[in-house]
Amino acid sequence: MGPISAHARSTFHGEKLNKLVQRSLAVIASGALVFSGVSAATAAPLPTSISSASIVAAKKKAPAVTIKKIGTKTVKGSAKATIRPSYSKAKNVKIKSALLKVVKGKKTVASKKKSVKLAAGTYKVTTTVKYQLKGKTSTVQKTQTLLVKKAAAKRSVKMSGKAKNCPAGYPVKGNRTGSQKEWKYHVKGQRFYNITKPEECFKTAADARKAGYRASKL
């Protein structure tokens, strides 16, 4: 084969240069696509575990007025318990009125009262609070079941064993003589009743027996 001409060498080098340029452009284009994809992924919003409901709940304000439950009351004998509205309020809330309505069975015991005195029993109590906030007047209301209990009657009174007289209402004398097994009680009219110095006084003989005393024979 003869020597390659100058024109042929120039053409060969030109084609080689064109291919090199095309490959370079292809690499640059590919890099641009990859870079574009990474940027898009980075710009995408990150997933979050906070729901829209949680955001709404967080923004929700506490109520201006919260009516609280009136607790169970205990009274002695025929005494009555005094109940009043129970509530809490937010700052800057002005209370206009707080009133009670009380129903026992089908009978209304009290209505629109600031306080009510109640004997032992079960009641339906409705608390109504009228308040003002930012110039606007609103009302909140809540009904509950309220129990007024009667305290268990006291069946005995402890004594020092030095006094002869029992308190009023506890006429039975409980006397502990000798060993602890010789607990006896005395009732009025018995021989040793007046001189006995009781360690315990009872409402009834039955109460004395429940406490471990036996009836005195004298």
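Using amide H atoms built 1.01 Å from N in the peptide plane, name the residues 5+ places from residue 87, or on other chains, whose amide H lies under 5 Å from its own.
For residue 87, the qualifying residues are 68.
Across the stretch 110-218, how large is the tail of the calculated P(r) beyond 18 Å, expressed as a percent of all Cα pairs? Display every interim value, and only then the final one.
Working: 3677 of 5886 pairs.
So the pairs more than 18 Å apart make up 62 percent of the total in the stretch 110-218.
Per residue, how many Å² of accessible area does the stretch 70-218 show with a 1.4 Å probe? Kindly include the intermediate steps, with their values, before the conclusion.
Working: 9820 Å² over 149 residues.
I get 66 Å² per residue for the stretch 70-218.
Carbon and sulfur atoms: what percent of the 1.4 Å accessible area of the stretch 83-194 do they account for?
49
Can you tell me, using C-alpha contacts under 8 Å and at least 6 residues apart, the relative contact order of the stretch 63-173 as a whole percent?
28
The values are calculated or read from the model by the stated rules, or taken from the named source; none is laboratory data. These figures come from a predicted structure and were not determined experimentally. For accessibility, only protein heavy atoms count, side chains too; no ligands or nucleic acids. Shrake-Rupley method; radii C 1.70, N 1.55, O 1.52, S 1.80 Å.
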